[in-house]
Amino acid sequence: MRKLFTLISGIKLGHLNVCLFLSSTYNQIKLKKSAIILGATGLTGGYVLEQLLNNSEYDEIIVFARRKLEIHNDKLHVFECDLLNLEEQKEYFKADEVYVCIGTTNNKTPNKKLYRDIDFGIPVTAAQLCRENRIDNIAVMSSLGANSKSSVFYTKTKGEMEESVMEMEIPNTYLLRPAMIMGPRKEKRVGETLGKMLSFIINPLLKGPLKKYRGIHAETIAKAMVNLCNGKSDLRKIIESDKIWELAELDHQTT
């Protein structure tokens, strides 16, 4: 009887070990993800890239950009291309998540058609590729005040972009509306520099419903974007600037 019990126990223990091994292997495979970043050479996109490269849950980061990056990492794959013709990259536009950190300014792009091609065209094309390639997660950087019915070209364009992205019906769609974006930029933006100085002074005074008008650091936006795509919620959301702060503070593995 004792021998039989020992044999049965051994079989059960062996079965348990196999199950534990398979479970561990499955979890390791499951956790390894891939992500696409548009705008990785910019301020916010650069922080998203840094977040993902330092995150052990990802084994491949794909960047579509006009030029090479000054970063070398085994996880990183860069496709040099014209983002205005992003649809040509459909074959390579495959990942678990997509981060769109694209945006320009009136000073940098005075031509309104080109401006719209960038701020509207690139994010919407990315969303369309997500739908065609069955990518379920996309986080797009929009702007505070985005409204398709606005009389202001900038906020109107952002609002129309949001609506078109939502129409793609990607299961996990996140549209972030940050206020003044803070952080060290490579190029000089005089108006933005003055705005940052003003934000530094008035930020502490903006509380309650006014909190969404606070200047927000690009790294904070990046953290929120990554946390959203790792939330596993089947929702389409518009996230105002004050909520971006809260999302960035959520615990998330980056080692």
| query | Hey, any hits in region 144-158 for a residue that's on the phi < 0 side of the Ramachandran plot, without any contact (Cβ under 8 Å) to a residue 24 or more places away in the chain and in a helix (DSSP H, G or I)? | reply | yes
| said: For region 80-111, which positions are at pLDDT below 95 and in contact with a helix residue (DSSP H, G or I) (Cβ under 7 Å, 6 or more places away or on another chain)? | reply: Gly103, Thr104, Thr109
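Conditions tested, residue by residue: (1) closer than 21 Å to Leu250 by Cα; (2) aromatic (Phe, Trp, Tyr); (3) touching a residue at least 40 places away in the same chain (Cβ under 8 Å); (4) surrounded by 14 or more Cβ atoms within 10 Å (Cβ to Cβ).
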| position | (1), (2), (3), (4) |
| --- | --- |
| Ile62 | no, no, no, yes |
| Ala65 | no, no, no, yes |
| Asn73 | no, no, no, no |
| Glu88 | no, no, no, no |
| Tyr92 | no, yes, no, yes |
| Asn106 | no, no, yes, no |
| Pro110 | no, no, no, no |
| Asp119 | no, no, yes, yes |
| Candidate set: region 231-255, residues that are closer than 26 Å to Lys32 by Cβ and of a type in the set (Ser, Thr, Tyr); chosen: the one modelled with the highest pLDDT | Ser233
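The values are calculated or read from the model by the stated rules, or taken from the named source; none is laboratory data. What you are looking at is a predicted structure, and each value in this text was computed from that prediction instead of being measured. When we count neighbours, we look across all protein chains shown, and the Cβ atoms used for this are built from the backbone with ideal geometry, even at glycine.
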